[in-house]
Every structure is written in structure tokens, then in C-alpha cells.
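Down below is the structure, laid out as C-alpha cells.
Throughout, read-outs are computed from the coordinates displayed, never taken from laboratory work. Remember, predicted model here, so these are calculated numbers, not experimental data. Cβ placement follows ideal geometry from the backbone for every residue including glycine, while neighbour counts extend to all protein chains displayed.
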2 protein chains.
Amino acid sequence: MSAAPVRPQLDALRWRDVEVLSYKREGAAPFRDVTRQVLFDLPGLACQLRYFEVAPGGHTTLERHVHAHAVVIERGRGRVLVGDAIHDVAPHDLVHVPALAWHQFVAADDAPLGFLCMVNAERDRPQLPTPEELARLCADPAIAAFVRT
Amino acid sequence: MSAAPVRPQLDALRWRDVEVLSYKREGAAPFRDVTRQVLFDLPGLACQLRYFEVAPGGHTTLERHVHAHAVVIERGRGRVLVGDAIHDVAPHDLVHVPALAWHQFVAADDAPLGFLCMVNAERDRPQLPTPEELARLCADPAIAAFVRT
């Protein structure tokens, strides 16, 4: 990561010296049309700040982990599953994903969904739902209609 | 802090369940027209995320500390001193304040300057410049003209 004190935004949510990365390794987990940019990952800082952008119609992975997410929506529109509830989200809304809550970010069909996400630099790996866990989640018809797997 | 998974933005950069606080105790250090909102301060997260807003013509304290700041500008316009350089900043620009760098955020005369700031939850207290340190900083006429003390 560049040590430049100021990295200006160049284009919408694209920055000098910040690489646009794949969300995850293709095939590692189910997701669709998501980019990842690591904005801050510094030795003295205990958290990282990343910017994710889900293209219209895309979604992140349905997953959970012990580490928490602290999210600020920055762009577009979409819906978020946290635990057992689905929420509409828009710019500057705050989303807290607590430990071991199932979560998934889904962009609107006609708008992207971009968000900042703060996480501990040292953290556990995400878990995917087992078929039993997925069946339990999808016992709620609203969640069954929402989740992308 | 509320445990609600989603806290919507209510008005511009104001949120449900987020209190608008003083930047610092009045008289504790020189500053002008700055508010502070703590967006995320959670037991399992090693960093806090705060939103500061400097009103037009206002400024944060000229200070330094061992802990770093990771900043994303969210609103308005202004200038930032980091170390020995002054930078213009606008929404979505990224600012990194490294350990022990003198820094100050100054809003434009006709626009506020709002920014997210990530810091370690456990951190040292800010230091104000001694008269000697201030004189050394102000040996640069651009910095002398910029700093508010």
C-alpha cells in the first residue's frame, strides 16, 4: 500500500494507488459481480478499511464468521440480510454485522451497491452454510426468496 | 451504542441512534466548529469509526499522536495538513495520518468538511505542539499561513 498521505478519488469510488481486485478467488464461494479495494491496511492500525462494490443484480457471498463488520453504504441501492432480517439500504446507512450472523449484500437490479467495510486486520475465515443451516435459514419464506447461493 | 444491525441516515450525515457530540471538551485544545459522531465502537472490533464535521471556516486541533488515522472525506471541501504538506481535499479522497505526524483539518470558508476517521480503539492521547515545535513547523511560510492555533 502506498504511503502517500492523500490519495485523491480519480473516478467515482476509484482511487490513485488503489487496485481494483476480485472480491474472492473465482469458484471459492458463490458471489456475482463484486469488486474489492483495500483502502487502508497499515502496520499500526488494528483494522482494515475496504471498499466493495456490487454491480446491479450482483451479490456478495452468504456467509458468517466470528469477526464483525462495520459498514457504511457509499453508493447506489440494495438490500442486506443480517441474521434473520432483510433491510433496504442507501448511501450513508450504517450496517453492523455481529459475530456469527449470516449476512449477504445484494445490489438492486438497476443500481450498484457500494460500501465501506471495517474489519479487524486479524480475523477468522468466513464459513459457508451447510445444507442444514441453509434449510433452517430458508424456513423463513422472505429469506428463502432473498438469498443467492 | 445501539446494537441495531441497520441504522439509516436520517438527515445528511446524521443517523438514528447516533449522538452529535462535541469534538472535544471546550477549552481543552484549540478548535472551532467541529462535531463528532461515533458510528461504530463495538467490543469485538479493534478500531472505532467516527464521523467528524467541521463547519465552514472551522478547524480541528493542530496535534499529533502515536496512533494513526485512516480518513475518508465524505462531504464538502477543505484543506488538510499532514506532516509538512498541505493538501486540498474533496469527497472520497483518502487521507492517512501516520504516527507522530502533525495534522489539522480546515474546512473551506464556504463549505463544511465532513470525514470518516478510523482509529485503534486503544490509543494514546493527542499532543499539542510546544512553542518550539510550532515555530519549527511555521518556518515554512505556507504552513505558517495555514495553521490555526
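At-a-glance table
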{"item": "Residue in the stretch A:65-80 that is more than 10 Å from chain B (Cβ to nearest Cβ), assigned to a loop (DSSP other than H, G, I, E, B) and not aliphatic (A, V, I, L, M) present", "result": "yes"}
{"item": "When residues of the stretch B:102-120 are limited to those that are assigned to a loop (DSSP other than H, G, I, E, B) and over 13 Å from the mean Cα position of the chain (by Cα), the one nearest to A:PHE115 (Cα to Cα)", "result": "B:ALA111"}
{"item": "Among (1) surrounded by fewer than 18 Cβ atoms within 10 Å (Cβ to Cβ); (2) within 27 Å of B:GLU26 (Cβ to Cβ); (3) touching a Leu at 6+ places or on another chain (Cβ under 8 Å) - the single one B:ASP84 does not satisfy", "result": "(2)"}
{"item": "Condition check for B:ARG50: more than 25 Å from A:CYS117 (Cα to Cα), within 13 Å of chain A (Cβ to nearest Cβ) and under 13 Å from the mean Cα position of the chain (by Cα)", "result": "no"}
{"item": "So A:ALA107, is it of a type outside the set (Asp, Glu), buried (at least 21 other Cβ atoms within 10 Å of the Cβ) and more than 9 Å from chain B (Cβ to nearest Cβ)", "result": "yes"}
{"item": "Index of the failed condition, A:ALA55 passing every other in (1) in a loop (DSSP other than H, G, I, E, B); (2) of a type in the set (A, V, I, L, M); (3) in contact with an Asp or Glu (Cβ under 6 Å, 6 or more places away or on another chain); (4) more than 14 Å from every other protein chain (Cβ to nearest Cβ)", "result": "(1)"}
{"item": "Breaking point among (1) more than 14 Å from the chain's Cα centre (by Cα); (2) closer than 18 Å to A:ARG125 by Cα; (3) assigned to a strand (DSSP E or B), for A:VAL38", "result": "(1)"}
{"item": "Residues located in the stretch A:86-95, provided they are within 7 Å of chain B (Cβ to nearest Cβ) and either part of a strand (DSSP E or B) or over 12 Å from B:LEU13 (Cα atoms) (or both)", "result": "A:HIS87, A:VAL89, A:LEU94, A:VAL95"}
{"item": "Condition check for A:TYR23: touching a Ser or Thr at 6+ places or on another chain (Cβ under 9 Å) and within 14 Å of chain B (Cβ to nearest Cβ)", "result": "no"}
